[in-house]
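One structure follows; several queries about it will come next.
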């Protein structure tokens, strides 16, 4: 039963990462094309998509918590029972934790992207170079 829970939480996290990756594909492309050279923007976009998957799956599949299902019972500890309510709760936690992890990663990226955009914009204004049309 534990392996089924591990597999389901992994698949749910993977699906959440896929959706988020697709939703943020164009904004990430646009930001990176504006900040870095076009030929390297593609590589950075690929890396950010990879990071979305890594962060989302590692946040959604909480191995340290799932280890409780494998611990042997003691006087002070009883392993959680995998009933229908627990399954629903674990799937819900997986979705929320995946989204939360990805949101933090994207927030940090967008903060640094904003700083980089301001630097690029100031440099363009000082050199008199025209801004790329949208």
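The values are calculated or read from the model by the stated rules, or taken from the named source; none is laboratory data. Since the model is a prediction, treat every value here as computed from it, not as a measurement. We place every Cβ from the backbone using ideal geometry, glycine too, and count neighbours over all the protein chains shown.
Could you list, in sequence order, all residues of the stretch 67-94 that are over 12 Å from residue 9 (Cα atoms), in contact (Cβ under 8 Å) with a residue 40 or more places away in the chain and surrounded by 10 or more Cβ atoms within 10 Å (Cβ to Cβ)?
Those that are over 12 Å from residue 9 (Cα atoms), in contact (Cβ under 8 Å) with a residue 40 or more places away in the chain and surrounded by 10 or more Cβ atoms within 10 Å (Cβ to Cβ): 69, 82.
In the stretch 1-112, which helices (runs of 4 or more DSSP H) lie fully inside it and hold 1 or more residues that are over 13 Å from the mean Cα position of the chain (by Cα), at pLDDT 90 or above and more than 30 Å from residue 123 (Cβ to Cβ)?
Helices (runs of 4 or more DSSP H) meeting the threshold: 2-23.
Of the residues that make up the stretch 28-35, is at least one touching a residue at least 12 places away in the same chain (Cβ under 8 Å) and either loosely packed, with under 13 Cβ neighbours inside 10 Å or out of contact with any helix residue (DSSP H, G or I) (no Cβ under 6 Å at 6 or more places or on another chain) (or both)?
Within the stretch 28-35 (the criterion being touching a residue at least 12 places away in the same chain (Cβ under 8 Å) and either loosely packed, with under 13 Cβ neighbours inside 10 Å or out of contact with any helix residue (DSSP H, G or I) (no Cβ under 6 Å at 6 or more places or on another chain) (or both)), the answer is yes, since at least one residue qualifies.
A further question follows. Quick check: anything in the stretch 105-126 out of contact with any helix residue (DSSP H, G or I) (no Cβ under 6 Å at 6 or more places or on another chain), free of Cβ contacts under 8 Å to residues at least 40 places away in the same chain, exposed (fewer than 10 other Cβ atoms within 10 Å of the Cβ) and more than 23 Å from residue 17 (Cα to Cα)?
Within the stretch 105-126 (the criterion being out of contact with any helix residue (DSSP H, G or I) (no Cβ under 6 Å at 6 or more places or on another chain), free of Cβ contacts under 8 Å to residues at least 40 places away in the same chain, exposed (fewer than 10 other Cβ atoms within 10 Å of the Cβ) and more than 23 Å from residue 17 (Cα to Cα)), the answer is yes, since at least one residue qualifies.
Looking only at the stretch 45-66, decide whether some residue is farther than 16 Å from residue 10 by Cα, in contact (Cβ under 8 Å) with a residue 24 or more places away in the chain and out of contact with any helix residue (DSSP H, G or I) (no Cβ under 7 Å at 6 or more places or on another chain).
No, the stretch 45-66 contains no residue that is farther than 16 Å from residue 10 by Cα, in contact (Cβ under 8 Å) with a residue 24 or more places away in the chain and out of contact with any helix residue (DSSP H, G or I) (no Cβ under 7 Å at 6 or more places or on another chain).
Residues of the stretch 67-103 being touching a helix residue (DSSP H, G or I) at 6+ places or on another chain (Cβ under 8 Å) and under 30 Å from residue 33 (Cβ atoms), which ones?
Answer for the stretch 67-103, where residues must be touching a helix residue (DSSP H, G or I) at 6+ places or on another chain (Cβ under 8 Å) and under 30 Å from residue 33 (Cβ atoms): 98, 99, 100, 101, 102.
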